[in-house]
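Okay, structure first, notes after.
The values are calculated or read from the model by the stated rules, or taken from the named source; none is laboratory data. What you see is a predicted model; the values in this text were computed from it and never measured. Positions of Cβ are backbone-derived with ideal geometry, glycine not excepted, and every protein chain shown enters the neighbour counts. Please note that ligands, DNA and RNA were not included when accessible areas were found on the heavy atoms of the full protein model with its side chains. Shrake-Rupley method; radii C 1.70, N 1.55, O 1.52, S 1.80 Å.
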Amino acid sequence: MCTLEKRGNLFILTLIGDDEHRLSPAVIDSLLSALSQAKSQAIRGSALVTTAHGRFFSNGFDLAWAQAAGSSSAARDRLHHMVESFRPVVAAFLSLPMPTVAAVSGHAAAAGFLLALSHDYILMRRDRAVLYMSEVDLGLTFPDYFTALMRSRIGSVSARRDILLGGRKLKGDEAVTMGIVESAHDGVESVVEAAVSRGEQLAQRKWNGEVYAEIRKSLYPEVCGVLGLVAKTVVASSKL
C-alpha cells in the first residue's frame, strides 16, 4: 500500500513495507486514492515526491496473484485486469496539477519502471537499484500505453531498443547517460534527500498547477492520446 504525507506545499507519496511493492489491484487502488487526494489538495506551488521503503521501488504487477487464479485463462484475465487498472494511475500522474519527482531507491521493473517514468523527474540510487523492462524475458507483450510512454520519455531509439527488446538492466549512472534519470546518488537517504530538495525547488516556483498539467499533456501527445487525455488551453496569468 502507500501513504500520502503533506509537508507544506510538498506531498510525499510512499510505497510502504519491505516487500517488492508489486502493483496488485489493492496497491493500484491505493495509488489512485493518494493521487486523487493530492490533486484535491493542490495549491499554487504544490509538488509531489514518490518514494518507497525497502529494496524495491516497485517490481511490477503482482504476477503471483495472477498465477494463483487456478488456470491459464484466469491468470491472463487477472493480468489484463491489472494492466487496465494501472492505466488510470499513469493518466493521473500525467494530469496531476503539480511537478512530480520519483526517488528510485531500489529496483524498478516492468510496470514499476513505468511508474517511475510517469513522473517529471527521476532520481535514482547509484549502487543498488536498476531499471528493467522484464517483459521480453517473461514472454509478455507490452500494453499500448507502456510503449507510448517509453517513446515519449526516452528519446534515444537505441536506448529503447536495448530496454524493450534487449531487456537491459540499467544502473543509475547508465540511466543518467541515457537521459532517463536526472541524477544518481549513493544510498537510500541521499536519493530521497535529493528528490525532496528537487521537489522543494520546484514548489518554490509557485506555478499554476492547472497550467503546468496542460503543458505536460501537450508535451507528450502520443501517450496522452492513448490514455484519452486531451490538452486544453488555459489562460491563467495576471500579465494577460
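Tabulated data
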item: In degrees, nearest ten, helix 144-153 long axis to first principal axis of the chain (Cα); result: 50 degrees
item: Prolate/oblate/rounded call for region 37-181, Cα gyration tensor, a/c under 1.5 rounded; result: oblate
item: Inter-label distance for residue 19 and residue 53, nm, one decimal - labels placed 7 Å from Cα along Cα-to-Cβ; result: 1.2 nm
item: Helical mean residue ellipticity (222 nm; -39500 (n - 2.57) per DSSP H run of 4+; nearest 500) of the chain; result: -13500 deg cm²/dmol
item: Residue-wise HN-Hα coupling along region 97-109, computed from phi with Karplus coefficients 6.51, -1.76, 1.60 (Hz; x: Gly, Pro); result: x, 5, x, 10, 10, 9, 9, 8, 9, x, 5, 10, 10
item: Helix axis angle, 209-219 relative to the chain longest principal axis, alpha carbon, degrees; result: 50 degrees
item: Of all accessible heavy-atom area on region 4-43, the percent that carbon and sulfur account for (1.4 Å); result: 46 percent
item: Accessible area of region 1-40 divided out per residue, in Å², using a probe of 1.4 angstrom; result: 46 Å²
item: Accessible surface of region 111-187, 1.4 Å probe, proportion on carbon and sulfur as whole %; result: 49 percent
item: Point-to-point label distance, residue 5-residue 77, nm (Cα→Cβ direction, 7 Å offset); result: 4.1 nm
item: Shape of region 70-116, Cα gyration tensor, a/c cut at 1.5; result: oblate
item: Built amide H within the under 5 Å cut-off of residue 183, gap 5+; result: 124
item: Solvent exposure of region 45-172 as accessible area per residue, Å², 1.4 Å probe; result: 36 Å²
item: Cα-based shape type of region 141-180, given that a ≥ b ≥ c are square roots of the gyration tensor eigenvalues and the cut on a/c is 1.5; result: prolate
item: Pairwise centroid distance, computed over Cα atoms, of region 85-152 with region 22-61, Å; result: 12 Å
item: Folded to 0 to 90 degrees: helix 25-41 orientation relative to the chain principal axis, Cα; result: 0 degrees
item: Relative packing of 97-110, 40-53, 18-31, which averages over residues the other C-beta atoms within 10 Å, highest first; result: 97-110, 40-53, 18-31
